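Visitor: If you scroll down you'll find the structure; I have some questions about it.
Every number here is computed from the coordinates shown, using simple stated rules; none is lab data. As the structure is a prediction and not an experimental result, all values here were calculated from the model. Here the Cβ is made from the backbone with ideal geometry for all residues, glycine too, and neighbour counts use every protein chain on show.
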Amino acid sequence: MDHQSIAKALDASRPRIVERVARETLQNAFWEERYGSGVRDKLVFDGEHNLAALVKAIRYRSQIILDDYLAWLRTTLVRYNCSTGMIHETFAYIWHGIQAELPHAAHAPLYSYIQAGLQSLAYPAPQIQELAASHEQLAELLTSHLYDSQWHWQQAYAGTGRARLLYDTWLLLDYVMDAMGYNDPQVAVRHTVWLRDYLLKAGLSTTHIQQLLWMLTGILEQQTSPAAASDARRVLATVASALIHDEAAYHALLSVQDELVQEVAQVLVAHDPRLTVEQVLQETGWYVAYLGDALGTHTADPLVRYVRMLQQAGADPQLLHAHLAELHTAAARLLPAYAANDTQTYLQAAAASLQAYPQMIG
C-alpha cells in the first residue's frame, strides 16, 4: 500500500481504533482512580487528535508532523498531571487497533512512524536516558523491596496485586524522569501527593511513601551513575518534603515522636515479657505514623484503617488496646493541649472500631 492508501484506510478506521484505545486504557483502573469517571470522554477526544496527527504524517510522508505533535502533546499532558509513559501506553493501544483494523501491508509503515515518534520523546540529558534504559528493572527492584518483604504493602495491595504496585512504581519513576526533563520537581510532587492520598485509603501511611522514596534513592545510588542518581535524588528530596502535612498538631507530634515511641514501648515491654523492645518500638512507630496522618487530614480514618488491618492480620486484641491506651496517656503528657485533644480523640475512635474489644479508652 502507498502512503495515501494507508492514510485513507487509517482515517476510515479511526472511530473504531479510538474506541478500542479507550477500552484498553480503562482496563487499567488507575485511569479512573486518578482522573475521575469522565476520563473516558477525554480519552476519546485525545484519541481523535492522536489518530488525526498520525493520518496527517502518513499522508504527507512527514515524520516531523508526528514528532512535533507528540512534543506538544507531552508538554500539554504533563501540565495536566500525565506522564511520557502514558503517551507510550496510548500509542501501544493505537498499534493494537491498527493491527486489528488495517491490512497487513499497512502495518510496517505505520509502525515505523509510531516508533520514530515515540523515540523523539526521549530526553537529551544522558542522566535521564540512563534511567529510561533501566526503567523496568528499577521499578521491579523497588517493588521487590516493598511488596515481597513487607506485609503492610501486601495488605494494601491485596485487592489489586503485585502487578498494580509494579505499575505504580514504574509510573512514579516516569514522573521523576519528566520532572528531571522539565527541570520542575513539582511534576513528580503532584503525582506523588495523589499517590499518597490514594494509598492512605488503602491502609498505608505517609511514612510508607517516604520510605518508598528513600528506598528508591538507595536503589538509584546502587544501580545508576552518580550523576543520574544525584539528579533524581534532588527531585525525590523535594517530593518527600512535599508530603509533610502543614497542620500544627502534626508538627507537634513530629517534635515528640521519638520520646513518645520510647515511652510507650518501655511501658508495654515492662507489662508483657513476651514482647521484645525492637518489636514494640517498630510497631509503636507505625501507630505514631498513622496518628500523624490522622492529625494531618483531620480524621481518624488512617488510624482506624491501620488498627483494623492489624486486627485482620491476627494481632493480639489486648495488645492493640494496650498500645492505644498507652499512646493516649503519653500524648496527654507530651503534647500541647490542642494536639493532645485531637490525638486522644483519634485514638478513642480507633479503639472503638475494634469489634472484639469495642470499649472506649480514656
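Visitor: Stretch residue 242-residue 64 to full length: gain in nm at 0.36 nm per residue minus the Cα-Cα span?
Guide: Separation in residues times 0.36 nm, less the Cα-Cα distance, equals 60.2 nm.
Visitor: May I ask you to evaluate 6.51 cos²θ - 1.76 cosθ + 1.60, the Karplus curve with θ = phi - 60°, for each residue of the range 238-251 and list the ³J(HN,Hα) values in order in whole Hz, giving x for glycine and proline?
Guide: Calculated HN-Hα couplings, in order: 5, 4, 4, 5, 5, 7, 6, 5, 8, 4, 4, 5, 4, 5 Hz.
Visitor: Further, regarding this structure: Please report the orientation-averaged projected area of the range 208-264, defined via the convex hull of its C-alpha atoms, in nm². Could the numbers behind the result be given before it?
Guide: Values: hull surface 19.7 nm².
About 4.9 nm², averaged over all directions.
Visitor: Separate question: Nearest 10 degrees is fine. How inclined is helix 3-25 to the longest principal axis of the chain, computing both from alpha carbons?
Guide: 20
Visitor: Run the simple label-point estimate for residue 125 and residue 164 please: 7 Å along Cα→C-beta, distance reported in nm.
Guide: 3.2
Visitor: Summing +1 for each Lys or Arg and -1 for each Asp or Glu, what net charge is found among the other residues whose Cβ lies under 15 Å from the Cβ of residue 223?
Guide: Charge balance near residue 223 sits at -4.
Visitor: Net charge around residue 297, counting only other residues with Cβ within less than 13 Å of its Cβ (Lys, Arg = +1; Asp, Glu = -1)?
Guide: -3
Visitor: Counting Lys +1, Arg +1, Asp -1, Glu -1, what net charge surrounds residue 275 among other residues with beta carbon under 14 Å of its beta carbon?
Guide: Working: positive: 274; negative: 272, 278, 283, 316, 326.
Every neighbour counted, the sum reads -4.
Visitor: Can you compute 3J(HN,Hα) from phi for each residue in the range 131-147, using the Karplus curve 6.51 cos²θ - 1.76 cosθ + 1.60 with θ = phi - 60°, rounded to whole Hz and x for Gly and Pro?
Guide: 5, 4, 5, 10, 3, 5, 5, 5, 5, 5, 4, 5, 4, 4, 4, 8, 6
Visitor: How far, in nm, would the chain grow between residue 148 and residue 80 when pulled straight, counting 0.36 nm per residue and subtracting the alpha carbon separation?
Guide: 21.2 nm
Visitor: Still on this model: Kirkwood Rh over alpha-carbon pairs of the chain, then Stokes-Einstein at 20 °C and 1.002 mPa s: what D in µm² s⁻¹, rounded to an integer?
Guide: 93
Visitor: Alpha carbon centre of the range 112-142 versus the range 57-86: separation in Å?
Guide: 16
Visitor: Hey, another quick one. How large is ³J(HN,Hα), in whole Hz, for each residue of the range 52-59 in order, when computed from phi with the Karplus curve 6.51 cos²θ - 1.76 cosθ + 1.60 and θ = phi - 60°, using x for Gly and Pro?
Guide: Karplus-based 3J(HN,Hα) across the range 52-59 equals 4, 5, 5, 4, 5, 4, 5, 4 Hz.
Visitor: Please report Rg over Rh for the range 110-188, where both radii come from the alpha carbon positions and Rh follows the Kirkwood definition.
Guide: That ratio equals 1.08.
Visitor: Another question about this same structure. Computed over the Cα atoms of the range 134-232, what is the ratio Rg over Rh, Rh following Kirkwood?
Guide: With Rg and the Kirkwood Rh in hand, the quotient comes to 0.95.
Visitor: Given 5 Å bins starting at zero, what is the percent of C-alpha pairs of the range 248-353 in each, up to the one with the largest pair distance?
Guide: Reading the bins upward from 0: 2, 13, 27, 27, 19, 9, 2, 0.
Visitor: Right, here's the next one. I need to check one value: relative contact order of the range 14-147, counting alpha carbon pairs closer than 8 Å and at least 6 residues apart, in percent.
Guide: Once normalised by length, the contact order is 28 percent.
Visitor: Relative contact order of the chain, please, whole-number percent, based on alpha carbon pairs below 8 angstrom and at least 6 residues apart.
Guide: 12
Visitor: Please report, in debye to the nearest 20, how large the charge dipole of the range 246-298 is about its Cα centre when each Lys and Arg carries +1 at its beta carbon and each Asp and Glu carries -1 there.
Guide: Computed about the Cα centre, the dipole is about 160 debye.
Visitor: Hey, another quick one. Which lysines, on any chain, are close to residue 56 with Cα under 16 Å apart, when same-chain ones fewer than 8 places away are left out?
Guide: Hits, sequence-local ones excluded: 8.
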